[in-house]
Amino acid sequence: MRVAQASRSELIVIMYEIILSDIQSAKEAFAADDTAAYEKELVHAGRFVSELMGSLDYRIGLSYHLMSLYIFAGRELTAAKVHKEPERLDGVAEVIETLLAGYKKVSEEDVSGPVMRNTQQVYAGLTYGRGTLNETFIDANAAKRGFIA
């Protein structure tokens with residue numbers, strides 16, 4: 001739902017949050033001696049770093065600086081995976097957290113609207129009754145629909 005209604009800058013914020021979540025999960029997996037989960041989380045984080053690299057627009061000078069940070073992050077994620085050194089993830093997390101803070105500010109001022117078009121607008125809520133909990137879902141597009149006789 002958040003992705004469907006996100007602007008370009010909000011999508012980058014979401015990707016940074018996913019990378020940080022993967023790093024945290026990898027650290028927890030390493031502490032629990034779950035090597036498979038550790039590697040899986042690092043591969044997942046690496047995919048998002050690669051996606052960020054691929055989405056850079058080199059007509060903007062900042063893209064070159066971001067690329068060097070993404071290369072660093074990708075290299076450290078790979079090294080942490082191969083050498084089983086989770087302490088390398090701290091540097092990656094620090095870089096991503098700094099970028100996240102900056103992009104959060106940008107996304108707050110971004111008025112470009114959602115990247116995805118023609119997505120379903122969803123309104124949902126919960127109502128409480130005596131001993132019951134009901135979920136209500138209203139499709140804004142369905143309000144214009146009717147029965148054809």
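Please tell me if D57 is open to solvent by 50 Å² or more (accessible area, probe 1.4 Å), in contact with a Ser or Thr (Cβ under 7 Å, 6 or more places away or on another chain) and part of a loop (DSSP other than H, G, I, E, B). Yes; evaluated as a whole, the condition is true for this residue. The condition of being within 19 Å of the chain's Cα centre (by Cα), acidic (D, E) and open to solvent by less than 40 Å² (accessible area, probe 1.4 Å) holds for only one of D22, D90, that being D22. The conditions of being at pLDDT below 95, under 20 Å from the mean Cα position of the chain (by Cα) and either exposed (fewer than 13 other Cβ atoms within 10 Å of the Cβ) or within 18 Å of L42 (Cβ to Cβ) (or both) are not met by S107. Here is a check on your reading of the model: is Y70 modelled with pLDDT under 95, surrounded by 15 or more Cβ atoms within 10 Å (Cβ to Cβ) and closer than 15 Å to V49 by Cβ? No; evaluated as a whole, the condition is false for this residue.
Against the conditions (1) out of contact with any Lys or Arg (no Cβ under 9 Å at 6 or more places or on another chain); (2) more than 25 Å from A4 (Cα to Cα); (3) in a helix (DSSP H, G or I), A80 satisfies every one except (1).
Every test in (1) open to solvent by less than 20 Å² (accessible area, probe 1.4 Å); (2) touching a residue at least 24 places away in the same chain (Cβ under 8 Å) is passed by K84 save one, and that test is (1).
When the range 2-22 is filtered for residues that are touching a residue at least 60 places away in the same chain (Cβ under 8 Å) and either touching a Phe, Trp or Tyr at 6+ places or on another chain (Cβ under 7 Å) or on the phi > 0 side of the Ramachandran plot (or both), the ones remaining, listed by number, are S9, I12, V13, Y16, I19.
The values are calculated or read from the model by the stated rules, or taken from the named source; none is laboratory data. This one's a predicted model, so the numbers in the text were calculated from it and none came from an experiment. Cβ coordinates were reconstructed from backbone atoms using ideal geometry, including for glycine residues, and neighbour counts include every protein chain displayed. We work out accessible area using only protein heavy atoms, side chains counted, and drop any ligands, DNA or RNA first. Shrake-Rupley method; radii C 1.70, N 1.55, O 1.52, S 1.80 Å.
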